[in-house]
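The values are calculated or read from the model by the stated rules, or taken from the named source; none is laboratory data. Computed from a prediction, not measured in an experiment: that's the story for all the values here. Cβ sites come from the backbone with ideal geometry, for glycine too, and all protein chains shown count toward neighbours.
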Amino acid sequence: MAQTPQSSTTKIVLSISQLNQQSRNLLESALSRVWVEGEISNFVRPSSGHFYLTLKDEQSQIRAAMFRGQNRTLSFTPKNGQLVQVRGKVSLYAPRGDYQLIIEHMEEAGDGALRRQFELLKHQLHSEGLFDADEKQPLPELPTRLGVITSPTGAAIRDILSVLKRRFPGIPVLIYPVPVQG
């Protein structure tokens with residue numbers, strides 16, 4: 001009979017570091033060489049030379065990294081909206097507990113569907129004349145009201161409201177509550 005937590009005589013308590021390391025070991029052994037196709041977004045190339053990006057499809061996304069030693073062999077420069085196929089391993093960045101894809105190889109696969117949808121919408125709006133100069137309204141020198149999208153209970157909203165009260169007293173602030181992380 002399987003032991004339930006209540007019937008177990010010994011309890012094993014892991015530190016967060018131990019839990020993350022065990023999770024990392026499991027992920028890396030089970031998913032050590034996978035091919036994934038996705039559209040690039042949030043692409044950045046800091047001075048370290050590494051690539052950091054998000055790969056996504058219409059329903060999901062995963063953070064990814066391609067380190068300098070691997071990305072030097074690429075025959076193209078990745079860009080947001082580009083569809084790629086990558087080979088890599090799934091890993092866990094233990095300090096944050098975030099799982100990610102460590103890319104070892106990347107191939108171009110064309111423009112992503114999300115990028116095509118965006119370009120199609122942009123073309124449609126342009127053909128309707130919505131980008132014409134006479135359609136645009138001039139921006140006011142100062143806003144008449146502000147909208148803030150954040151958690152209504154976090155430290156960030158208190159800081160924002162404090163600064164706004166000091167710098168722009170009297171401007172109404174609309175708060176749109178959303179769950180936030182980090």
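Key figures
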{"read-out": "Pick from the range 47-60, criterion under 16 Å from D98 (Cβ atoms) and surrounded by 15 or more Cβ atoms within 10 Å (Cβ to Cβ), ranking: farthest from the chain's Cα centre (by Cα)", "value": "H50"}
{"read-out": "Number of positions in the range 97-135 that are at pLDDT 85 or above and outside any helix (DSSP H, G or I)", "value": "18"}
{"read-out": "Which numbered condition S75 misses (of (1) assigned by TED's automatic domain parsing to the domain that holds G49; (2) on the phi > 0 side of the Ramachandran plot; (3) surrounded by fewer than 10 Cβ atoms within 10 Å (Cβ to Cβ))", "value": "(2)"}
{"read-out": "Residue check, P143 in a loop (DSSP other than H, G, I, E, B), surrounded by 10 or more Cβ atoms within 10 Å (Cβ to Cβ) and over 25 Å from the mean Cα position of the chain (by Cα)", "value": "yes"}
{"read-out": "Test: residue in the range 85-96 that is part of a helix (DSSP H, G or I) and free of Cβ contacts under 8 Å to residues at least 60 places away in the same chain", "value": "no"}
{"read-out": "Residue among E108, E104 that is touching a Lys or Arg at 6+ places or on another chain (Cβ under 6 Å), among the acidic types (D, E) and either closer than 22 Å to Q181 by Cα or surrounded by 11 or more Cβ atoms within 10 Å (Cβ to Cβ) (or both)", "value": "E104"}
{"read-out": "Qualifying residue in the range 18-37 (condition: assigned by TED's automatic domain parsing to the domain that holds Q85, acidic (D, E) and surrounded by 16 or more Cβ atoms within 10 Å (Cβ to Cβ))", "value": "no"}
{"read-out": "From the options E141, E128, E119, E107, residue that is touching a strand residue (DSSP E or B) at 6+ places or on another chain (Cβ under 6 Å) and of a type in the set (D, E)", "value": "E107"}
{"read-out": "Unmet requirement for S91, which otherwise passes all of (1) touching a helix residue (DSSP H, G or I) at 6+ places or on another chain (Cβ under 9 Å); (2) hydroxyl-bearing (S, T, Y); (3) under 21 Å from V180 (Cα atoms)", "value": "(3)"}
